[in-house]
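Reviewing the structure listed below.
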Amino acid sequence: MAKGRSTAFVCDSCGHDETKWLGRCPSCGEWNTFKEVRLSTGGSASKRSSVRTSAAVSPSRLSEIDSTPPERHPTGIDELDRVLGGGLSPGTAVLLGGEPGIGKSTLMLQVAATLPGQGLYVSGEESPGQVKNRADRLKLPQNSLDVLCETDLEALLAVLENHEPDYVVVDSIQTLFSDEAGSIPGTPNQLKIAGHRLTTWAKRSGKPVFLIAHVTKEGTIAGPKVIEHLVDTVLYFDHSSDDLRILRASKNRMGSVDEVGLFHMSKEGLLPIADPAGLFLEHRKDGPPAGSAIAAVYEGSRILLVEIQALTVPAKGGMGRVYSDRIDNGRVSRVAAVLERHAGLRLSDQDIYVNVAGGLRISDTGAELALALALFSARAEKALPAFMIAIGEITLAGEVRSVPHLRRRIKTASDTGLPNWIAPAASDESGSLPGKGQAVRRLKEAVALVASN
């Protein structure tokens with residue numbers, strides 16, 4: 001911002017500032033987002049920060065940098081360690097987002113109370129008594145955790161410098177306020193300054209920082225995208241039922257983003273689910289209804305059995321549409337087109353509805369054969385054979401291709417009580433596959449097999 005001004009107009013969307021109000025932001029293109037804010041009289045951050053001389057800053061030779069991975073510390077919650085990539089690294093900044101009431105504060109309080117060392121829980125939304133009541137209800141150890149109810153960013157940074165906690169939880173970053181960024185907490189400028197300073201403190205001190213964030217109605221973390229770029233790990237908390245919580249990473253500099261953490265919400269807090277193989281299945285004695293197929297999907301390092309449900313109804317306008325929020329719409333449309341072209345199943349005049357029981361989002365290509373058979377079952381109004389799973393990737397030529405960990409998927413299903421399977425004939429898996437199954441090379445063969453039963 002320019003010198004000599006007492007006020008400025010700042011874009012709520014991207015933080016761009018102008019000397020006068022504009023209808024459209026020239027930086028991000030959003031309309032009616034400029035708000036007038038009062039500038040701080042204390043000067044810019046660069047003036048208040050210590051000036052580093054050129055002698056104090058020097059580059060390092062790449063060949064001389066120690067590349068030994070830092071030691072990871074368990075958080076005390078196995079499912080969280082799984083999503084983080086094996087534990088918490090020193091100096092890591094973790095951003096956790098989720099809907100209100102989903103359990104973000106509960107999970108972070110459980111982590112803060114079990115990590116080794118003396119921690120600091122910063123609450124900008126609750127009083128110390130409310131934090132204490134939650135800790136008592138969850139029966140958490142409390143001697144190693146300090147609580148600070150503060151929203152002033154400069155005051156918080158002063159506490160961090162003076163007390164030097166071993167780890168910090170900020171609940172939430174939207175409540176932090178700095179005089180430099182204007183007069184309204186939660187604006188993009190406020191979030192950028194708070195995120196930058198807290199992650200800088202984490203890197204400099206080598207202490208991990210957890211930042212809890214609000215989400216928008218679209219389910220993304222509220223605020224500028226730069227917040228997600230600043231941190232090392234971005235976690236999203238979602239729920240699929242009243243008491244089931246799903247934790248996954250959309251960004252992880254310290255590990256994979258393929259892992260999924262599963263929790264059960266109870267009065268004792270969030271309890272990890274250690275063996276979730278058949279968690280998403282509805283165990284029926286008389287077999288599945290029409291339009292239902294079971295897939296064995298590979299999520300991170302474990303196999304989950306999920307039920308894919310499909311429904312087809314005649315399109316009112318003569319042209320069908322796809323409605324799916326747990327499997328990508330484009331993938332459903334592609335599988336439906338392959339079914340129509342290579343299996344003779346007309347779907348272009350149907351509205352297609354696809355759901356995954358339990359609410360798990362699926363991106364694994366190994367679920368495409370199960371999706372195709374669910375669509376066939378729904379369109380033909382014919383139930384698939386009982387106790388059967390389908391595994392395979394569908395090509396545009398109508399082939400069923402093999403997927404990684406085929407043997408492990410089939411074995412997991414067999415151990416869960418689903419011994420029957422349909423899978424690709426060509427597989428790099430050695431030895432015979434367990435259970436009773438049929439190997440197919442083309443989608444047309446798989447459809448013929450289930451249609452004949």
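The values are calculated or read from the model by the stated rules, or taken from the named source; none is laboratory data. Treat the numbers as computed from the prediction; the structure is a model and nothing was measured. Don't worry about glycine lacking a Cβ; one is built from the backbone with ideal geometry, like all the others, and counts go over all protein chains shown.
A search for C-beta distances below 8 Å between a residue of the range 138-157 that is closer than 16 Å to Gly195 by Cα and any residue that is of a type in the set (Ser, Thr, Tyr), counting only pairs 6+ apart in sequence or on different chains, returns Thr151/Thr175; Asp152/Ser178; Leu153/Ser178; Glu154/Ser178. Scanning the range 369-383 for residues that are in a loop (DSSP other than H, G, I, E, B) and surrounded by 20 or more Cβ atoms within 10 Å (Cβ to Cβ) yields no hits at all.
Residues are listed down the side, and each one gets a yes or a no for (1) under 28 Å from Ile77 (Cβ atoms); (2) not assigned by TED's automatic domain parsing to the domain that holds Leu406:
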position: Lys251; (1), (2): yes, yes
position: Val260; (1), (2): yes, yes
position: Met265; (1), (2): yes, yes
position: Val306; (1), (2): yes, no
position: Arg326; (1), (2): yes, no
position: Ser333; (1), (2): no, no
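Of the strands (runs of 3 or more DSSP E) contained entirely in the range 240-280, those carrying at least 3 residues that are in contact with a Leu (Cβ under 9 Å, 6 or more places away or on another chain) and of a type in the set (A, V, I, L, M) fall at 244-252, 260-266. Take the conditions (1) closer than 26 Å to Leu247 by Cα; (2) in a loop (DSSP other than H, G, I, E, B); (3) touching a residue at least 40 places away in the same chain (Cβ under 8 Å); Ile184 misses just one of them, which is (1).
In the set Ser348, Ser333, only one residue is polar (S, T, N, Q), out of contact with any Pro (no Cβ under 9 Å at 6 or more places or on another chain) and not in a loop (DSSP other than H, G, I, E, B); that residue is Ser333. Scanning the range 346-396 for residues that are among the hydroxyl-bearing types (Ser, Thr, Tyr) and over 31 Å from the mean Cα position of the chain (by Cα), we see that the one that is farthest from Gln438 (Cα to Cα) is Ser348. In this structure, does Arg441 turn out to be farther than 23 Å from Ala290 by Cβ, more than 30 Å from the chain's Cα centre (by Cα) and basic (Lys, Arg)? For Arg441, the condition - farther than 23 Å from Ala290 by Cβ, more than 30 Å from the chain's Cα centre (by Cα) and basic (Lys, Arg) - is met. When Val313, Val306 are checked against the criterion of being surrounded by 22 or more Cβ atoms within 10 Å (Cβ to Cβ) and in a strand (DSSP E or B), Val306 stands alone in meeting it. The numbered conditions (1) in a strand (DSSP E or B); (2) hydrophobic (A, V, I, L, M, F, W, C); (3) out of contact with any helix residue (DSSP H, G or I) (no Cβ under 8 Å at 6 or more places or on another chain) are all true for Met319 except (1). Exactly one residue out of Gly417, Gly437, Gly358, Gly366 is without any contact (Cβ under 8 Å) to a residue 60 or more places away in the chain and either part of a loop (DSSP other than H, G, I, E, B) or not assigned by TED's automatic domain parsing to the domain that holds Tyr236 (or both): that is Gly437. Of all residues in the range 393-409, those that are outside any strand (DSSP E or B) and either of a type in the set (D, E, K, R) or crowded, with 21+ Cβ neighbours inside 10 Å (or both) total 5. For the range 196-255, give me the residue count where each residue is in contact with a helix residue (DSSP H, G or I) (Cβ under 7 Å, 6 or more places away or on another chain) and under 24 Å from Ser123 (Cβ atoms). Within the range 196-255, residues that are in contact with a helix residue (DSSP H, G or I) (Cβ under 7 Å, 6 or more places away or on another chain) and under 24 Å from Ser123 (Cβ atoms) number 23.
Of all residues being outside any strand (DSSP E or B) and surrounded by fewer than 21 Cβ atoms within 10 Å (Cβ to Cβ) in the range 208-220, which is modelled with the highest pLDDT? Just the residue, please. Checked the range 208-220; the qualifying residue modelled with the highest pLDDT is His214. A single member of Gly223, Gly195 is buried (at least 20 other Cβ atoms within 10 Å of the Cβ) and under 18 Å from the mean Cα position of the chain (by Cα), and it is Gly223. You will find that of Ala386, Ala390, the residue that is crowded, with 17+ Cβ neighbours inside 10 Å and either assigned by TED's automatic domain parsing to the domain that holds Val257 or in contact (Cβ under 8 Å) with a residue 40 or more places away in the chain (or both) is Ala390 and no other. The set of residues in the range 164-176 that are modelled with pLDDT of 90 or more, outside any helix (DSSP H, G or I) and surrounded by 20 or more Cβ atoms within 10 Å (Cβ to Cβ) comprises Pro165, Tyr167, Val168, Val169, Val170, Asp171, Leu176.
When the range 250-283 is filtered for residues that are out of contact with any strand residue (DSSP E or B) (no Cβ under 8 Å at 6 or more places or on another chain) and free of Cβ contacts under 8 Å to residues at least 40 places away in the same chain, the ones remaining, listed by number, are Ser266, Asp275.
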